[in-house]
Amino acid sequence: MERFKGKRALVTGGSRGIGRAIAMRLASEGADVAVNFVKDEQSAAETVKELESLGRKAIALQADISEPKEVKKLFADVKETFGGLDLFVSNAVSGVVGPAERIGRFGWDRAMNTNARSFLLGVQQSVKLFGDQGGKIIAVSSIGSVTCLPGYAAVGASKSALESLVRYFARELAPRGINVNAVSGGPVETSALDFFPDKEKLLEEWTDRTPAHRIARPEDIASVAAFLLSDDASWIQGRTIVADGGLTL
Ligand SMILES: NC(=O)c1ccc[n+]([C@@H]2O[C@H](COP(=O)([O-])OP(=O)(O)OC[C@H]3O[C@@H](n4cnc5c(N)ncnc54)[C@H](OP(=O)(O)O)[C@@H]3O)[C@@H](O)[C@H]2O)c1
């Protein structure tokens, strides 16, 4: 399948974990991909190499997306590299782990700015780079937006804000041929899980409660992301599709 032949994509936090799996999936179906990262240059360079080995154009773009100026620069770099954009994937995540009672200004701002404001600013920039035929936007969210995961209050609240923005943007941008949706995952095997207290105990509990008795792999989320970014999902607007293997059932 070459659903993304000739398309140009930007994946924030595309250098590792779920973002990397999405970038690989898009490239394997024909897209040129810009992967954004903030610190880990080596992972970004390795991902670019793998994307190129699929015969696509790829570039790693360093930018801290919690900073408005850097978001602007990121999109300017995309424009310079690809001349425009067709697919925007808002995936990067950061935040603090701990009880809501102890969230301070730093933790709150970090979660909201990296996970929600970056989406607001990223969509505002994307639409300037989309051509007359429109484009596709997705956000990567988490079931912590509508449930309670241990220590996840700040990130959970930022993901709720993100999903709300998905609905508003979907409604505003649909007349311009732009789809905006989200894929929301349960726990996925990436280094992000290392931040949870009692990780091993939680993994056991989540595995038990998931009907298929396993934790998701990044590719489980990437395939849903690719569907939402494809024309097959053109009639889906403003929705958050939960891909948690049935954990929250
Ligand atoms: N893992 C899970 O269990 C899980 C479950 C549900 C949803 N999700 C969602 O899936 C998405 C990806 O999560 P993941 O587990 O793949 O995360 P991850 O493995 O920790 O990777 C995070 C990525 O985000 C980048 N990043 C972090 N802060 C950034 C910033 N300020 N500016 C730009 N890039 C930044 C990182 O870049 P560097 O490498 O340079 O640091 C890295 O590429 C997130 O939206 C997350 O909420 C994850």
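The values are calculated or read from the model by the stated rules, or taken from the named source; none is laboratory data. These numbers were taken from a predicted model, which means no experiment stands behind them. Cβ: placed from backbone, ideal geometry, glycine included. Neighbour counts: every protein chain shown.
Is it the case that some residue within region 202-222 is assigned to a helix (DSSP H, G or I), among the aliphatic types (A, V, I, L, M), closer than 21 Å to Met1 by Cα and touching a residue at least 40 places away in the same chain (Cβ under 8 Å)? Working first, answer last.
Our first condition is that a residue be assigned to a helix (DSSP H, G or I); within region 202-222, this holds for 202-209, 218-222.
From what is left, the residues that are among the aliphatic types (A, V, I, L, M) are 202-203, 221-222.
Narrowing further to those that are closer than 21 Å to Met1 by Cα: 221-222.
Still in the list and also touching a residue at least 40 places away in the same chain (Cβ under 8 Å): 221-222.
Yes, there is a match, as at least one residue in region 202-222 is assigned to a helix (DSSP H, G or I), among the aliphatic types (A, V, I, L, M), closer than 21 Å to Met1 by Cα and touching a residue at least 40 places away in the same chain (Cβ under 8 Å).
Taking the criterion of being among the basic types (Lys, Arg) and closer than 21 Å to Ala111 by Cα, would at least one residue in region 198-215 satisfy it?
To start, the set of residues in region 198-215 that are among the basic types (Lys, Arg) comprises 199, 201, 209, 214.
Of the ones still in play, those that are also closer than 21 Å to Ala111 by Cα are 199.
Among the residues of region 198-215, at least one is among the basic types (Lys, Arg) and closer than 21 Å to Ala111 by Cα, which makes the answer yes.
Find the strands (runs of 3 or more DSSP E) located wholly in region 1-71 whose residues include 3 or more that are farther than 20 Å from Phe227 by Cα and more than 9 Å from the ligand (Cβ to nearest atom), and list them.
On the way: elements: 8-11, 32-37, 58-62.
The qualifying strands (runs of 3 or more DSSP E) are 58-62.
Which ones in region 191-223 are under 14 Å from the mean Cα position of the chain (by Cα) and farther than 19 Å from Thr147 by Cβ?
Within region 191-223, Pro218, Glu219, Ala222, Ser223 meet the criteria.
Among the listed residues Gly30, Gly95, Gly55, Gly17, which satisfies the condition of being within 22 Å of Thr190 (Cβ to Cβ), small (Gly, Ala, Ser) and either free of Cβ contacts under 8 Å to residues at least 40 places away in the same chain or buried (at least 24 other Cβ atoms within 10 Å of the Cβ) (or both)?
On the way: Gly30 fails: within 22 Å of Thr190 (Cβ to Cβ); Gly55 fails: within 22 Å of Thr190 (Cβ to Cβ); Gly17 fails: either free of Cβ contacts under 8 Å to residues at least 40 places away in the same chain or buried (at least 24 other Cβ atoms within 10 Å of the Cβ) (or both).
Testing whether each residue is within 22 Å of Thr190 (Cβ to Cβ), small (Gly, Ala, Ser) and either free of Cβ contacts under 8 Å to residues at least 40 places away in the same chain or buried (at least 24 other Cβ atoms within 10 Å of the Cβ) (or both) leaves just Gly95.
Residues in region 147-166: is at least one more than 15 Å from the chain's Cα centre (by Cα), more than 9 Å from the ligand (Cβ to nearest atom), part of a helix (DSSP H, G or I) and among the β-branched types (Val, Ile, Thr)?
Looking through region 147-166, none of the residues is more than 15 Å from the chain's Cα centre (by Cα), more than 9 Å from the ligand (Cβ to nearest atom), part of a helix (DSSP H, G or I) and among the β-branched types (Val, Ile, Thr).
Pull up region 175-201, narrow it to residues that are free of Cβ contacts under 8 Å to residues at least 40 places away in the same chain and within 14 Å of the ligand (Cβ to nearest atom), then point me to the one that is nearest to Lys136 (Cα to Cα).
Taking region 175-201 first, the residues free of Cβ contacts under 8 Å to residues at least 40 places away in the same chain are 175, 189, 193-194, 199-201.
Pick out the ones that are also within 14 Å of the ligand (Cβ to nearest atom) and you get 189, 193-194, 199.
On the way: Glu189: 26, Leu193: 28, Asp194: 31, Lys199: 35 Å.
Within region 175-201, the match that is nearest to Lys136 (Cα to Cα) is Glu189.
Quick one: which residue in Ala174, Ala170, Ala154, Ala216 is among the aliphatic types (A, V, I, L, M), surrounded by 14 or more Cβ atoms within 10 Å (Cβ to Cβ), in contact with a helix residue (DSSP H, G or I) (Cβ under 6 Å, 6 or more places away or on another chain) and modelled with pLDDT of 95 or more?
Ala154
In region 72-105, how many are within 20 Å of Phe196 (Cα to Cα) and in a loop (DSSP other than H, G, I, E, B)? Lay out the reasoning, then the answer.
Filtering region 72-105 for residues within 20 Å of Phe196 (Cα to Cα) gives 91-104.
Restricting the remaining residues to those that are in a loop (DSSP other than H, G, I, E, B) gives 91-97, 99, 103-104.
Residues flagged as within 20 Å of Phe196 (Cα to Cα) and in a loop (DSSP other than H, G, I, E, B) within region 72-105 amount to 10.
Applying the selection to region 33-52, what residues are of a type in the set (A, V, I, L, M) and either at pLDDT below 95 or surrounded by fewer than 18 Cβ atoms within 10 Å (Cβ to Cβ) (or both)? Write out each step before concluding.
So the first thing to find is which residues in region 33-52 are of a type in the set (A, V, I, L, M), and the list is 33-35, 38, 44-45, 48, 51.
Across region 33-52, the qualifying residue is only Ala45.
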